[in-house]
Amino acid sequence: MSGEAKTPGEDPWSQWLLHRRHGGDARFQHVMRAAVDRYVERVLDGAQLGAGQTLVDVGTGEGVVALRAIERVGSTLRVLLTDVSEPMLRHAEAQAAERGVRGQCTFLRCPADRLEGITDGSVDVVVTRSVLAYVADKTAALREFHRILKPGGRVSLAEPVFMDEALAASAIRTVIESKPPEGVSPFMTLLHRWKAAQYPDTEEKILSSPIVNYSERDLIQFAKLAGFPEVHLELHIDTFPSPVRSWDVFINSSPHPLAPPLAAIMAEHFTAEERQLFERSMRPIVEDPKGISTDRMLYLNASKPLG
Ligand SMILES: C[S@@+](CC[C@H](N)C(=O)[O-])C[C@H]1O[C@@H](n2cnc3c(N)ncnc32)[C@H](O)[C@@H]1O
């Protein structure tokens with residue numbers, strides 16, 4: 001991680017979710033929230049929740065999935081919100097209190113692959129969004145989901161697929177290494193320094209990084225290994241006009257909680273001259289109204305057999 005300043009009472013997860021995800025920019029925060037809302041609706045469609053059920057939202061963050069589930073189902077839904085981040089659990093609890101639904105919620109601090117305090121076969125639905133990406137043993141987490149589900153219970157989840165970003169970082173490294181140093185453009189070197197600070201850039205590092213070492217097909221395999229015989233997965237790849245057009249937002253935001261923002265990477269790894277050179281080349285690309293972003297999100301549904 002970078003040498004970013006830490007706000008007291010926060011951790012890397014809350015720093016990213018509450019600040020760095022949108023680079024402190026209200027307009028971009030609004031755009032991000034709209035995107036998250038779309039993912040959440042899709043996860044809850046797959047959950048097929050009913051009145052009187054119990055839902056677990058694993059790695060709840062701000063509580064967006066759980067709180068939207070309560071909005072959809074109403075006062076009979078019981079919700080357990082889990083996370084490894086104490087600041088995020090407190091944040092989600094405050095959100096629940098603000099909406100007057102605190103009484104329907106239980107907050108548990110535990111990792112996705114050890115859902116301590118949740119008894120076997122006790123819940124109807126497990127949902128999670130953008131959490132397994134940060135869990136090293138995804139099969140162990142899915143096994144825990146299987147353990148706590150009642151027979152006939154369902155998992156509905158959404159996870160980003162970041163593998164392509166790491167392969168791009170690795171490809172830039174390969175190009176640089178294949179040329180004599182004098183044949184490599186200074187911009188290319190800086191581009192690699194930036195990308196490699198946010199994503200693993202060698203085969204060895206990619207294989208050992210939980211964020212990038214899986215594809216949609218691996219997730220199906222993990223779910224089967226965890227005891228779900230019936231699995232449905234959809235990969236959604238969306239390209240759209242880039243939502244970031246401001247250089248300030250671009251350098252102060254980052255694509256995932258463990259990635260430092262470009263501003264921190266430049267401060268730590270670039271000389272003043274390199275920063276100027278990089279901004280001169282990169283800024284017109286960021287500010288180009290024809291800029292395109294790509295989003296790769298997988299949605300997985302699975303049911304625990306009835307008996
Ligand atoms: C990208 S955020 C997603 C938050 C939320 N699910 C959402 O949809 O907005 C990742 C969340 O996973 C949590 N997390 C990270 N590692 C975890 C783990 N091993 N087990 C459970 N939660 C974890 C973080 O604290 C953070 O709240």
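Quick notes on this one:
- Of residues in the stretch 19-70 being of a type in the set (Val, Ile, Thr) and more than 17 Å from the chain's Cα centre (by Cα), the one farthest from the ligand (Cβ to nearest atom): THR54
- Test: GLU234 is touching a residue at least 12 places away in the same chain (Cβ under 8 Å) and either surrounded by 18 or more Cβ atoms within 10 Å (Cβ to Cβ) or under 20 Å from GLU159 (Cβ atoms) (or both): yes
- Residue pairs whose Cβ atoms lie under 8 Å apart, sitting 6 or more positions apart in sequence or on different chains, and linking a residue in the stretch 104-121 that is over 19 Å from GLU93 (Cα atoms) to a partner that is modelled with pLDDT under 95 and part of a loop (DSSP other than H, G, I, E, B), do not occur here.
- Here is the figure for the stretch 76-110: residues that are surrounded by fewer than 18 Cβ atoms within 10 Å (Cβ to Cβ), within 12 Å of the ligand (Cβ to nearest atom) and of a type in the set (A, V, I, L, M) total 2.
- Out of ASP113, ASP120, ASP124, sole residue that is farther than 29 Å from GLN29 by Cα, surrounded by fewer than 22 Cβ atoms within 10 Å (Cβ to Cβ) and in contact with a strand residue (DSSP E or B) (Cβ under 7 Å, 6 or more places away or on another chain): ASP124
- Of the residues screened, ILE211 is not one that is assigned to a helix (DSSP H, G or I) and either surrounded by 17 or more Cβ atoms within 10 Å (Cβ to Cβ) or at pLDDT below 95 (or both).
- Residues in the stretch 127-141 that are among the β-branched types (Val, Ile, Thr) and within 12 Å of the ligand (Cβ to nearest atom): VAL127, THR128, VAL131, VAL135.
- Residue match in the stretch 160-183 (condition: in a strand (DSSP E or B), within 16 Å of the ligand (Cβ to nearest atom) and within 30 Å of ASP83 (Cα to Cα)): yes
- ALA35 of a type in the set (A, V, I, L, M) and either in contact (Cβ under 8 Å) with a residue 40 or more places away in the chain or not assigned by TED's automatic domain parsing to the domain that holds ASP124 (or both): yes
- Residue within the stretch 267-284 that is of a type outside the set (Gly, Ala, Ser), assigned to a loop (DSSP other than H, G, I, E, B) and assigned by TED's automatic domain parsing to the domain that holds ALA196 present: yes
- Screening GLU116, GLU93 for residues that are outside any loop (DSSP other than H, G, I, E, B) and either of a type in the set (Asp, Glu) or modelled with pLDDT under 95 (or both) leaves exactly one candidate, GLU93.
- Some residue of the stretch 237-244 being modelled with pLDDT under 95, aliphatic (A, V, I, L, M) and either in a loop (DSSP other than H, G, I, E, B) or under 30 Å from PHE145 (Cβ atoms) (or both): yes
- Meets criteria (more than 14 Å from GLU159 (Cβ to Cβ), small (Gly, Ala, Ser), in contact with a Leu (Cβ under 7 Å, 6 or more places away or on another chain) and within 16 Å of the ligand (Cβ to nearest atom)) for ALA259: no
- Residue in the stretch 72-82 that is in contact with a Lys or Arg (Cβ under 9 Å, 6 or more places away or on another chain) and not polar (S, T, N, Q) present: no
The values are calculated or read from the model by the stated rules, or taken from the named source; none is laboratory data. Everything numeric in this text was worked out from a predicted model, so none of it was measured. We place every Cβ from the backbone using ideal geometry, glycine too, and count neighbours over all the protein chains shown.
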